[in-house]
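**Q** The structure's right below; bear with me while I get my questions together.
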Amino acid sequence: MSTWIGRTFISDTGWDHLEALVDIGDRMAGSTGERAAAEVTRDALAEAGARDARLDEFDIQGWERGSSAIEADTETFSLQHECIALPRSPSETATGDLLDLGYGLPGDFEAADCEGKVVMVRSDIPDHYDRYLHRREKYYHAVEAGAAAFVYRNHVEGCLPPTGSVGTQADPIGEVPAVGVSAETGAQLARKYDGEEVSVSVEATIEDATSQNVHAKLGPDTDEEVLVTSHVDAHDISTGAMDNGAGTAMVVELARLLADREDELDTRVRFVCFGAEEVGLVGSEYEADRADFADIKAILNNDGVVQARDLGFYTHGFPELEEALDTVGDRLDHPLKAVPKQGPHSDHWPFTQWGVPGYHAYGETSGTGRGWGHTHADTLDKLEKRDLREQAILLGDLAVHLASDEFEVAHRDPEDIAADLEAEDLAEGMRITGDWPYDEQE
């Protein structure tokens, strides 16, 4: 064991790939930058020792940022670091009285008259609230309540407007214009213009585009396989180091590590680095539509790794996945935290929602929300090479364990996944965003 651990702890493979990704710059879904990132990832997987490295293209609804602004009385909030469009916002202008709804909890929308208003909400939730509210859920609560426009106010100080897409799988472009503003700009708007007329404008180019998934594999050519995944794309306002350059760099590092331990793999391992995650899990949905779920033993999805030293794992109600974390954690004397809840917001989900055993691996950070993620500050200097190497040791050993005959896990009934979502109060938000897939089952 010590040999492969030592080689991983001095390896530069993953970190070099992370630097290559952030140096590309804009990796927005459908862009030339995303394509370049997919190509260098394909080549890096092949160089790491994986075979049959390739790209698989698919069509998406493209969206390219133009200008955006909030105009209030004589003030215009339009500088890059004050007001930015949320991807897949429609390209249009809307006017209405500003309504500051604070956290934007479901009850806040029920209690307010949002009809024709420009609704502003924070990007976090209060400490006492028992679940995370995704940006798209708040957006579609506003749409359903009749809002004319949506303003997403960061809770993280530092003049950092947040981004993040709107739209649904069925209707990729949102229904009302949507922008993100910093905590400081949001506070100024609330102080000076709550109840006053404001105008929100978004200009964007909306046309057909192409994205791609990256594939490679290791191990025996079994029908059954373990998927090790990430997403290549990132929002265009930053270099996407944490979200999710680090995840894709981890997949490349794991390919190097597993090539070193290929004789220990009893099941094929397939690496998939998805495109177009940030605009609605489009790449993973495309792959899931073509997959035979019965052949997928488990998924190890890396989204948010390296942003903190310790790892957490959503385990989606699979006790065998929790036991595997205990086994690897005990063997390497390192904590691996299981979160036995549903996590429907990354690329494992198009598979796991139908009962495929899946992890969402991430770095455990303090506080609520994304922190620097989805802002201009998602940059390489926030990450540590040591953390990537240490986590690769843990995730690599976990991947080997998942691909061993020793590890067995049963798929879950989708009805049980749906019941868990109801019990965890996630179903309401998924229904309002159009992400509830079980209607035909009910």
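**Q** Just give me the residues in region 1-23 being closer than 26 Å to GLU262 by Cα and charged (D, E, K, R), in sequence order.
**A** ARG7, ASP12, ASP16
**Q** Right, here's the next one. Is one or more of the residues making up region 175-193 of a type in the set (Lys, Arg) and surrounded by 24 or more Cβ atoms within 10 Å (Cβ to Cβ)?
**A** Scanning region 175-193, I find no residue that is of a type in the set (Lys, Arg) and surrounded by 24 or more Cβ atoms within 10 Å (Cβ to Cβ), so the answer is no.
**Q** May I pose another question? Which of the residues belonging to region 406-442 are part of a helix (DSSP H, G or I) and in contact (Cβ under 8 Å) with a residue 40 or more places away in the chain?
**A** Once the filter is applied, which keeps residues that are part of a helix (DSSP H, G or I) and in contact (Cβ under 8 Å) with a residue 40 or more places away in the chain, region 406-442 yields PRO414, ASP416, ILE417, ASP420, LEU421, GLU428, GLY429, MET430, ILE432.
**Q** If you don't mind, there's one more thing I want to ask. Quick one: is GLU415 modelled with pLDDT of 95 or more and farther than 30 Å from GLY219 by Cβ?
**A** Against the criterion (modelled with pLDDT of 95 or more and farther than 30 Å from GLY219 by Cβ), GLU415 qualifies.
So that you can scan it fast, the table gives a plain yes or no per residue for (1) more than 21 Å from MET250 (Cβ to Cβ); (2) in contact with a Phe, Trp or Tyr (Cβ under 8 Å, 6 or more places away or on another chain); (3) of a type outside the set (Ser, Thr, Tyr):
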position	(1), (2), (3)
GLU320	yes, yes, yes
LEU325	no, yes, yes
VAL328	no, no, yes
ARG331	no, no, yes
LYS341	yes, yes, yes
TYR359	no, yes, no
ARG370	no, no, yes
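Every residue, every condition in (1) out of contact with any Leu (no Cβ under 7 Å at 6 or more places or on another chain); (2) closer than 26 Å to ALA427 by Cβ; (3) modelled with pLDDT under 95; (4) open to solvent by 40 Å² or more (accessible area, probe 1.4 Å), yes or no:
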| position | (1), (2), (3), (4) |
| --- | --- |
| TYR314 | yes, yes, no, yes |
| GLU320 | yes, yes, no, yes |
| ASP326 | yes, no, no, yes |
| LEU336 | no, no, no, no |
| TRP372 | yes, no, yes, yes |
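**Q** Consider only pairs whose beta carbons are under 7 Å apart and that are at least six residues apart or on different chains; among these, list those whose first residue lies in region 152-174 and is farther than 11 Å from PRO87 by Cα and open to solvent by 50 Å² or more (accessible area, probe 1.4 Å) and whose second residue is in a loop (DSSP other than H, G, I, E, B) and of a type in the set (Ser, Thr, Tyr).
**A** CYS159/SER182
**Q** Can you name every residue in region 109-151 that is in contact with a Gly (Cβ under 6 Å, 6 or more places away or on another chain) and open to solvent by less than 30 Å² (accessible area, probe 1.4 Å)?
**A** Residues satisfying the conditions are CYS114, VAL118, VAL121, SER123, ASP124, ARG135, GLU137, LYS138, ALA148.
**Q** Just need a number here: residues in region 402-436 that are over 19 Å from ARG135 (Cα atoms) and open to solvent by less than 70 Å² (accessible area, probe 1.4 Å).
**A** 12
**Q** Let me ask something else about it. Among the residues of region 51-90, count how many are buried (at least 16 other Cβ atoms within 10 Å of the Cβ) and either within 30 Å of GLU262 (Cβ to Cβ) or without any contact (Cβ under 8 Å) to a residue 12 or more places away in the chain (or both).
**A** Result for region 51-90: 4.
**Q** Which of the residues belonging to region 24-49 are in a helix (DSSP H, G or I), under 27 Å from ASP260 (Cβ atoms) and open to solvent by 10 Å² or more (accessible area, probe 1.4 Å)?
**A** Once the filter is applied, which keeps residues that are in a helix (DSSP H, G or I), under 27 Å from ASP260 (Cβ atoms) and open to solvent by 10 Å² or more (accessible area, probe 1.4 Å), region 24-49 yields GLU39, VAL40, ARG42, ASP43, ALA44, ALA46, GLU47, ALA48.
**Q** For region 231-252, check the following and say yes or no: at least one residue is in a strand (DSSP E or B), touching a residue at least 60 places away in the same chain (Cβ under 8 Å), open to solvent by 10 Å² or more (accessible area, probe 1.4 Å) and on the phi < 0 side of the Ramachandran plot.
**A** no
**Q** What number of residues within region 256-284 satisfy the criterion of being open to solvent by 20 Å² or more (accessible area, probe 1.4 Å) and under 13 Å from the mean Cα position of the chain (by Cα)?
**A** Matching residues across region 256-284 total 3.
**Q** Please find, among GLU47, GLU71, GLU75, the residue that is more than 23 Å from LYS385 (Cα to Cα) and at pLDDT 95 or above.
**A** Of the residues listed, the single one that is more than 23 Å from LYS385 (Cα to Cα) and at pLDDT 95 or above is GLU71.
**Q** Considering only region 1-12, I want to know if a residue exists there that is outside any helix (DSSP H, G or I), open to solvent by 70 Å² or more (accessible area, probe 1.4 Å) and at pLDDT 95 or above.
**A** Yes, the conditions are met somewhere in region 1-12.
The values are calculated or read from the model by the stated rules, or taken from the named source; none is laboratory data. Not measured: the values here are computed from a predicted model. FYI the Cβ positions are ideal-geometry reconstructions off the backbone, even for glycines, and counts take in every protein chain you see. The protein model used for the area step is the full one, side chains on, heavy atoms only, and it has no ligands, DNA or RNA in it. Shrake-Rupley method; radii C 1.70, N 1.55, O 1.52, S 1.80 Å.
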